[in-house]
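The values are calculated or read from the model by the stated rules, or taken from the named source; none is laboratory data. Because the structure is predicted, anything quoted here is derived from the model rather than measured. Here Cβ is always computed from backbone atoms with ideal geometry, including for glycine, and neighbour counts include all displayed protein chains.
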Amino acid sequence: MKFAKYLSLVAMAALLLSLSALAAEKHEGKFTLTETAQVGTTQLQPGDYSAQWNGTGQDVQVQIMQHGKTLATVPGKLIENKEPSPYNSVTLKPINGNAKTIDEIEFANRKEGLSLNQSPSSGE
């Protein structure tokens, strides 16, 4: 009888550890824009945002969200850095005239970042 109780406790502990490992694998991060930037066809104003991504391997779909609302969805690539980024950062690249688009996002204390696969508007 004691063996059955011990076995059930070990099984429950293993289940809880596996669930906590899954919970730690969040595919999201927060970032702040300090200037206006384009994502897909959406223009984002300066402010706080979050990025969530789904997909297998390096190719992912990235959702840019603010206050729980999805503002833009674009394809992206997951970047694996050798060291965790010391802070959140956003790299912008110029497009038509003075406009800029989000090129990369790095997340504080994480090795993974995102490269957004965006091209200038092609009228599609």
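Taken across segment 19-29, residues that are in contact with a strand residue (DSSP E or B) (Cβ under 8 Å, 6 or more places away or on another chain), surrounded by 10 or more Cβ atoms within 10 Å (Cβ to Cβ), assigned to a strand (DSSP E or B) and at pLDDT 80 or above do occur, with at least one present. One residue stands out among those in segment 90-111 that are outside any loop (DSSP other than H, G, I, E, B), charged (D, E, K, R) and free of Cβ contacts under 8 Å to residues at least 60 places away in the same chain: the one that is farthest from Gln63 (Cα to Cα), which is Lys93.
Against the definition (touching a residue at least 12 places away in the same chain (Cβ under 8 Å), within 14 Å of Phe31 (Cβ to Cβ) and outside any strand (DSSP E or B)), how does Tyr87 come out, yes or no? Yes, satisfied. Quick one: is Gly40 more than 17 Å from Glu112 (Cα to Cα), surrounded by fewer than 17 Cβ atoms within 10 Å (Cβ to Cβ) and more than 10 Å from the chain's Cα centre (by Cα)? So Gly40 fails the test.
Taking the criterion of being small (Gly, Ala, Ser) and in a strand (DSSP E or B), the residues of segment 45-80 that qualify are Gly47, Ser50, Ala51, Ala72, Gly76.
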